[in-house]
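Input: a single structure, listed below in structure tokens.
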Amino acid sequence: RVGTQQFVLPLPPNSAAAAAATTPLWREVAALGQLSLACLGASDGWRVEGDGLLVEFGADGALRTLQVDGETLLTDGPQTCMWRAPTDNDEAGGYAHLWRSAGLDTSRSVLEGMRAWQPLPSLAVITTDWRQVGANGQPHGTSSLTYMIHADGQIEVRCLMQPTVQSGSASEPPLPTLGRLGLHMTVPPTFERAVWLGNGPHENYPDRCAAAVFGRYSRQVRSLHTPYIVPSENGGRGGVQWLALTTTQGHENDEMAEFPERASHFNPYGSVTKPVGLVVCREGLTPPLQMSASYYSAANLAAASHDHELHSSGAVHVHLDVQHMGVGGHDSWTKLATVGADYYVSPRQNAAMSLRLMPMTPRRGEMPDVCVAQRARPILTSGAQVLLRAVLPQPLSEAPAKAAQANAIAQALFTANYPNMEAEQSTYSHFPPTAEQYSPAPPAGSNSTS
């Protein structure tokens, strides 16, 4: 292959393909089951249980347990992350020094509050509010994570991030950029394979992706690592729509990584036979993600001087970034200019991202195809269908009876999650649409009270 180029062909309007991509998918009430929500005490957190589902939050607000059908799918839940292991360009350009001076390399999340409620038998909602601080107490901003836990094992995660990182001292220039802005989580080390729909097959970053091709790729997690002479941020893939981390049981080989056109672009499982794993899919208005999966933590990468000094942490570290700083390369010596300003991540902003976590277990079989931001996912309760998604691709022209009741419930849940939506919407990048779009009028001729 000498060269390649990709371009997008829009679907013909009013075609069957366009209709299939935008029509909300409804599920029957009987298929959802019920959940139980229990407080384990002020020092123990919350527990959500259902058919084969166990979700536990510690008193510190962290998602500590996610088990489906007896399989552990998550070992440490999502937390806001704004720092990356500095690259050579980060060091030479002075960015890494400013990050360390501001305490970003030691940033941690401190719980400010946690709320839990169960609006529907098949839905539990837990919201955690956080304050990000450095080791010396430097304020780094605030964030909020809302988990919508469904009885079928899927979890929708809504994250609002408000970094307010300042320079470490008055004598230093203003901090121009963060290394990243997104979420970090860990999954079991047995999830040895990564499958993603996005740019690949090699590593690529926002300012270094011209040679990457959009497609579905499959790689062993260990092969995602790029062994630079001095360990640093590496192995990232951009433009990611979804990421599946699975065991290798019954999985296809890496041929799909070299021939993405031969693979199913909207099925993260391909020819997988009953693996165990976790699928993470971007939701709603969340832009394509920058992702990385590695046996090495960012702290491990930053502390090592040579690749042989890296040691597996006993988990797979997953970063999913809504924004990621470029890696540069124009030169490697001009202070605060080794990376183009167009590829900075503002340290003072409001941003939001939405993810969906979907379990993969032998009992549940293959999940439905993933189609990002185009299929609405409903929550059903006796006779009413409630839609909780950041994007409605079209008015609910096929909404069922009792639409008024469904809309009222959806409006209440939306208001509970985004109480200051009207005032704050204009300040958030990648934020969901207005509340009115969550309560469309019933279709003409329908009886909303039947």
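Which residues, taken from the stretch 47-58, are in contact (Cβ under 8 Å) with a residue 24 or more places away in the chain and either closer than 25 Å to residue 132 by Cα or assigned to a loop (DSSP other than H, G, I, E, B) (or both)? If the condition is that a residue be in contact (Cβ under 8 Å) with a residue 24 or more places away in the chain and either closer than 25 Å to residue 132 by Cα or assigned to a loop (DSSP other than H, G, I, E, B) (or both), then 51, 52, 55, 57 are the ones that fit. Per the listing 227, 231, the residue uniquely crowded, with 19+ Cβ neighbours inside 10 Å, modelled with pLDDT of 95 or more and within 23 Å of residue 309 (Cα to Cα) is 231.
In the stretch 165-214, which residues are outside any loop (DSSP other than H, G, I, E, B) and aromatic (Phe, Trp, Tyr)? If you could, list the steps in order and put the result at the bottom.
Step one: of the stretch 165-214, the residues outside any loop (DSSP other than H, G, I, E, B) are 180-187, 193-200, 205, 208, 213-214.
Result: 196, 205, 214.
Note on the stretch 157-199: residues that are out of contact with any helix residue (DSSP H, G or I) (no Cβ under 8 Å at 6 or more places or on another chain), under 18 Å from residue 85 (Cα atoms) and hydroxyl-bearing (Ser, Thr, Tyr) amount to 1. Residue pairs whose Cβ atoms lie under 8 Å apart, sitting 6 or more positions apart in sequence or on different chains, and linking a residue in the stretch 294-313 that is of a type in the set (S, T, N, Q) to a partner that is loosely packed, with under 14 Cβ neighbours inside 10 Å and at pLDDT below 95, are 300/311.
Out of all the residues in the stretch 100-118, is one or more of a type in the set (A, V, I, L, M, F, W, C), under 19 Å from residue 280 (Cβ atoms) and modelled with pLDDT of 95 or more? Write out each step before concluding.
Applying the first criterion (of a type in the set (A, V, I, L, M, F, W, C)) to the stretch 100-118 yields 102, 104, 110-111, 114, 116-117.
Subset that is under 19 Å from residue 280 (Cβ atoms): none.
No, the stretch 100-118 has no match at all.
Per the conditions (1) at pLDDT 95 or above; (2) hydrophobic (A, V, I, L, M, F, W, C); (3) more than 28 Å from residue 48 (Cβ to Cβ), the sole criterion not satisfied by residue 185 is (3). Filtering the stretch 59-77 to residues that are polar (S, T, N, Q) and touching a residue at least 60 places away in the same chain (Cβ under 8 Å) leaves 72, 75.
Residues that are of a type outside the set (S, T, N, Q) and not in a strand (DSSP E or B) were ranked within the stretch 101-147; the one that is surrounded by the fewest Cβ atoms within 10 Å (Cβ to Cβ) is 137.
The values are calculated or read from the model by the stated rules, or taken from the named source; none is laboratory data. The structure presented is a predicted model; accordingly, all values stated were derived computationally and were not measured. Here Cβ is always computed from backbone atoms with ideal geometry, including for glycine, and neighbour counts include all displayed protein chains.
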